[in-house]
Protein chains: 2
Amino acid sequence: MVKRYRKEDDHSYTLGTTLTIELLKTQPDKVVCVYYHSQLRDLSVIEPMCKEHHIPLVQSDKAFNILSQKENCFCIGEFVKSEFALDPTRNHVVLVNPSNAGNLGTILRSMAGFGVEDLAIVSPGVDIYDPKTVRSSMGALFHIRFHYFDTFDEYVKVCGKREFYPFMLKATTTLKQAQPTFPCSLVFGNEATGLPDSFLDVGTPLIIRHTDHIDSLNLPIAASIALFQFFSER
Amino acid sequence: MVKRYRKEDDHSYTLGTTLTIELLKTQPDKVVCVYYHSQLRDLSVIEPMCKEHHIPLVQSDKAFNILSQKENCFCIGEFVKSEFALDPTRNHVVLVNPSNAGNLGTILRSMAGFGVEDLAIVSPGVDIYDPKTVRSSMGALFHIRFHYFDTFDEYVKVCGKREFYPFMLKATTTLKQAQPTFPCSLVFGNEATGLPDSFLDVGTPLIIRHTDHIDSLNLPIAASIALFQFFSER
C-alpha cells in the first residue's frame, strides 16, 4: 500500500489529476497504480487510459491523507523511478548541488519548454523524484533524461565533446555577448552559494548582468533566461 | 502589539534578518518597530540602524509565534504600507490579476534586477504586502513603485504615451523578433488563464515561443525572460 514518500523508495507519486494524466500519456509502462478520491467525479479520461495499459485504478481516500497535504488533489499516480543515460550529442543542463525541490521542477519545465532534454545533477542535490519536484515540473519531468554524478569531473568523462558555459557572478563575458557553440552544457551552482571559483577555468563562464539592487537572480529564473537565449527559435 | 497579517491592515512585516536589514537600509522612515527572538545572537547590524532612526527594538518570542511559521526567522520588521504614483516616463510591468504571492515576489526581484522600477497591478490581484511576497522578493519590493488599478483602461489613462507589449500564447510575433520602443509596458495575465483575447488589439502582442511539451512557461519565468530581453545591457 501507499506510504509517505522517502528518497530511498523505488516508487514516487504524481499528486493531481492533470499531472497523473501526463504520466499516463508519456510513461504508462512505469505506472504501478492510480488512486482516486471519493470526491473525484470525472473518471472519463483516467479510466480508459488505465484499462488500456492494465493499470489498477483504486479508490482510496486514505492514500490522500498519507501523500497529499493539498486540498485540491483527487488523483494520484504511483510509478517506478528510473535513471537514464544522457545523450552525449545533445545540449545539457548541469546543476551542481541544487537544494530546492520546487526550483528543480521549475527548471525542468523550462528545459522541456526550450527543447533541452538532458539534465546532469552533481551530488549532493535535491531528489528529482520528490513529489514536490514532480508537481512543480507540471509533468515536464517525464520528458527529461537525467543522471546523478558524484562530481563534475565524473560528468565530464561521459558527456562527450562539447562547450561548457558555467554561470557565475565573477564571469566577465555577459550572456548577451556569448557566441554559443553546440552541443554545449549550461552549468549552474547552488541557490545560496553559486558555483565554486574553480569553474572560472571551465569553458566560457558567463554572467547575466543585473543591477546592484539585488544580490542575484533566482536560480530557475537565471537558468530559464539562459535556456531562452541559447535555444529559443534556434 | 503584533497580530496575524491581514490584507486590510495598514502595516506589514519583513520576516527574516536579511530582509529586515534591507528594509532598514532602504525605507527606515516606514519602520514602526523591529522584533527579535531570544535566539538571535547577533544584534550588531540591527541595533545601530534602529538607534539611528529612533526605531524601537523589542525582544518578543511571541511575535514569532504569531507571524512566522519558518523555523529560521529570528528578526521581524513592522512597517507602514504605502502606494506610489507610477513614473509615466519610465518602463513599466503590468500584471493583470496575478494570483500567487510567491510568484509576485519573484517578479519584483527580476524587475529590480533589470532596472524596471514601476509596477501596475490590475485588480483583483494578490496583495503585494503579503509577507510571503515581501519575503520572496528578497527586499526588491523596497526598490519598486507600484499602484493598483481597477481596470487596464484606468491604468492607460495615467501611464503616459508609450508602447504596450502584451504577452499571449495567441500572439504571432515572437519576443526575439520584437523591435522594442521605449518607454513601454510589458503586460502579463493571470497564472492559470493568461490575458483575455481583447489584448490581441493592444499594442504589439508577443509570444515566447516554446515546445509543445509544456502548456506554458511559469509566469515569473516568462516575465523575467521578457525583462532580460528588453532591458538587460541596454
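Worth pointing out:
- The residues in segment A:92-103 that are more than 13 Å from chain B (Cβ to nearest Cβ) and of a type outside the set (V, I, T) can be counted, and the count is 6.
Residue-by-condition table, conditions (1) at pLDDT 95 or above; (2) more than 22 Å from the chain's Cα centre (by Cα); (3) surrounded by fewer than 20 Cβ atoms within 10 Å (Cβ to Cβ):
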site	(1), (2), (3)
A:F167	yes, no, no
A:K170	yes, yes, yes
A:T174	yes, yes, yes
A:T193	yes, no, yes
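- For beta carbons closer than 9 Å, sequence separation of 6+ or different chains, a first residue in segment B:155-166 that is closer than 13 Å to B:V202 by Cα and of a type in the set (D, E, K, R) and a second that is at pLDDT 95 or above and not in a loop (DSSP other than H, G, I, E, B), the qualifying pairs are B:R162/B:H92; B:R162/B:C184; B:R162/B:S185; B:E163/B:C184; B:E163/B:S185.
- Checked against (1) of a type in the set (V, I, T); (2) in contact with a Leu (Cβ under 7 Å, 6 or more places away or on another chain); (3) not in a loop (DSSP other than H, G, I, E, B), A:V116 meets all criteria but (3).
- Taking segment B:125-233 as the region of interest, the helices (runs of 4 or more DSSP H) fully inside it that hold 1 or more residues being within 13 Å of chain A (Cβ to nearest Cβ) are B:131-136, B:219-231.
- For B:A226, the conditions (1) more than 28 Å from A:L141 (Cβ to Cβ); (2) in contact (Cβ under 8 Å) with a residue 60 or more places away in the chain all hold with the exception of (1).
- From the options B:I107, B:I128, B:I121, B:I144, residue that is modelled with pLDDT of 95 or more, under 21 Å from B:I225 (Cβ atoms) and in contact with a Phe, Trp or Tyr (Cβ under 7 Å, 6 or more places away or on another chain): B:I121
- Segment A:1-35: number of residues that are touching a Ser or Thr at 6+ places or on another chain (Cβ under 8 Å) and among the basic types (K, R): 1
- Selected residue (criterion: farthest from B:S82 (Cα to Cα)) from residues of segment B:114-124 that are within 9 Å of chain A (Cβ to nearest Cβ) and touching a residue at least 40 places away in the same chain (Cβ under 8 Å): B:F114
The values are calculated or read from the model by the stated rules, or taken from the named source; none is laboratory data. On a predicted model such as this, the values are computed, not experimentally measured, just so you know. Counting neighbours? That spans all protein chains shown, and the Cβs are built from the backbone with ideal geometry, glycine included.
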